[in-house]
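Notes follow once the structure below has been shown.
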Amino acid sequence: MLGTQTCDKSDGEGRVRLPIPAHAQVAVTFSADGYLPAVLPFSTAGTSPTIPFTLGSLESIRARYAAAGVTVPDPATGVVQVRATVVGANDKRMEGVSMSLGAGGAAALYRGADGAFAKDLQATSTWGAAAFAGLQPGTV
């Protein structure tokens, strides 16, 4: 579906139905005023998946990253957020996972037990989340 774009707005319950063919690999961008947009990649693998997602308010996102000295959103750079989960275990978040992004990539910021990102953490907490911030546009 490279180059294909389909847009729709959510209904009163926040649901959106998009026509996506079976056996496709796609990326869906979710956005709303006052929230940080999110891009979620997934594969339909012959099914019609339900994709749960949450957009964080700009205010809460800024506070979460500010604890690590990172400004989000930054019009010149991007952020990739990653969550470590156990497949088949209702997406149970994994604690103690270290992550890296490419050779010489940005250092991971791990989300602490309080929910804020911290530069001093070396692995995922019970949140199972890390972020790579300050990324220059291009291929990683």
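The values are calculated or read from the model by the stated rules, or taken from the named source; none is laboratory data. Note that this is a predicted model, so its numbers are computed, not measured. For neighbour counting, all protein chains shown are included, and Cβ atoms are generated from backbone atoms with ideal geometry for every residue, glycine included.
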Item to complete: Mind checking which strands (runs of 3 or more DSSP E) fall wholly inside region 74-140 and carry at least 1 residues that are aromatic (Phe, Trp, Tyr)?
Response: 109-111, 129-135
Fill in: Test for GLY78: is it outside the structural domain of GLY34 (by TED's automatic domain parsing) and either surrounded by fewer than 15 Cβ atoms within 10 Å (Cβ to Cβ) or at positive phi (or both)
no
Worksheet, complete the sentence: Flagged in region 15-35 as surrounded by 12 or more Cβ atoms within 10 Å (Cβ to Cβ) and under 12 Å from PHE53 (Cβ atoms), in numbering order, are VAL16, VAL28, PHE30, ALA32, TYR35
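Quick one: which residue in ALA113, ALA131 is small (Gly, Ala, Ser) and in contact (Cβ under 8 Å) with a residue 60 or more places away in the chain?
ALA131
Can you name the residue in region 22-67 that is small (Gly, Ala, Ser), farther than 21 Å from ALA118 by Cβ and outside any loop (DSSP other than H, G, I, E, B) and is also modelled with the lowest pLDDT among such residues? First the steps, then the outcome.
To start, the set of residues in region 22-67 that are small (Gly, Ala, Ser) comprises 22, 24, 27, 31-32, 34, 38, 43, 45-46, 48, 56-57, 60, 63, 66-67.
Filter once more, keeping what is farther than 21 Å from ALA118 by Cβ: 22, 24, 27, 31-32, 34, 38, 43, 45-46, 48.
Retained after the next criterion (residues that are outside any loop (DSSP other than H, G, I, E, B)): 27, 38, 43.
Details: ALA27: 80, ALA38: 80, SER43: 76.
Per the stated criteria, the residue is SER43.
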